[in-house]
Amino acid sequence: EVQLVESGGGLVQAGGSLRLSCAASGFTFDDYAIGWFRQAPGKEREGVSCISSSNNKTYYADSVKGRFTISSDNAKNTVYLQMNSLKPEDTAVYYCAADPYDHPSLNQYEYDYWGQGTQVTVSS
């Protein structure tokens with residue numbers, strides 16, 4: 001069965017960095033698109049970044065462009081989100097999600113499988 005497990009969240013000061021990981025199992029990783037989403041209390045879920053595991057095309061929300069980098073390691077069935085220059089407004093639960101049709105999107109409704117999320121907290 002398809003499983004996605006996020007890790008790497010934590011507490012960091014503004015300006016710091018974190019690297020999130022999304023470990024996938026139960027499917028052929030390089031046939032999927034993988035997205036990162038986040039949701040803060042009282043806010044809508046927001047698409048952050050996504051990648052096609054087959055061709056490595058990447059996309060970013062304007063709010064994180066230039067600060068975050070998504071990458072994949074197909075041999076490890078893992079997608080990463082390197083987050084630099086973190087801001088308090090980046091505080092949220094971060095989720096990874098998988099799209100078996102491999103069309104990367106920042107729209108959450110394009111994704112069929114979701115992890116449980118990892119908390120990122122950025123202090124000012």
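The values are calculated or read from the model by the stated rules, or taken from the named source; none is laboratory data. Quick caveat, the model's predicted, so the values are computed rather than measured. A quick note on method: Cβ atoms are made from the backbone with ideal geometry, for glycine too, and the neighbour counts reach across all protein chains shown. Accessible surface is based on the protein model in full, side chains and every heavy atom, while ligands, DNA and RNA are left aside. Shrake-Rupley method; radii C 1.70, N 1.55, O 1.52, S 1.80 Å.
Descriptive notes on the structure:
- Charge dipole (Cα centre; +1 on Lys/Arg Cβ, -1 on Asp/Glu Cβ; no other charges) of the chain amounts to roughly 500 debye.
- Size of charge dipole - region 33-103 - debye, nearest 20, with Cβ of Lys, Arg +1 and Asp, Glu -1, no other charges: 140 debye
- Cysteines having no other Cys beta carbon under 4.7 Å from their own, within the chain: Cys50
- Max mean-square fluctuation residue, GNM over the chain, Cα-Cα springs under 10 Å, options Val64, Val48, Val79: Val64
- The apolar share of the surface of the chain, taken as the fraction of accessible area on carbon and sulfur atoms (1.4 Å probe, ligands and nucleic acids excluded), comes to 44 percent.
- When exposed loop sites are taken as GluC sites (Glu not before Pro) in a DSSP loop with at most 10 other Cβ atoms within 10 Å, the longest stretch of the chain clear of them is 45-124.
- Farthest toward positive dipole pole in region 5-100 [+1 Lys/Arg, -1 Asp/Glu at C-beta], among Gly16, Gly35, Ser52: Gly16
- Segment Ser7-Asn107, extension gain: residue separation times 0.36 nm, minus the distance between their alpha carbons: 33.8 nm
- You can think of it this way: the chain between Ser85 and Asp73 has 2.0 nm of extra reach, that is 0.36 nm per residue less the Cα-Cα gap.
- Using the 1.4 Å probe convention, the accessible area of the chain works out to 50 Å² per residue with neighbouring protein chains retained.
- Whether the chain is rounded, prolate or oblate, judged on the alpha carbon gyration tensor where a/c under 1.5 counts as rounded: prolate
- Within region 31-74: Cβ-based charge dipole about Cα centre, in debye rounded to nearest 20 (Lys, Arg +1; Asp, Glu -1): 160 debye
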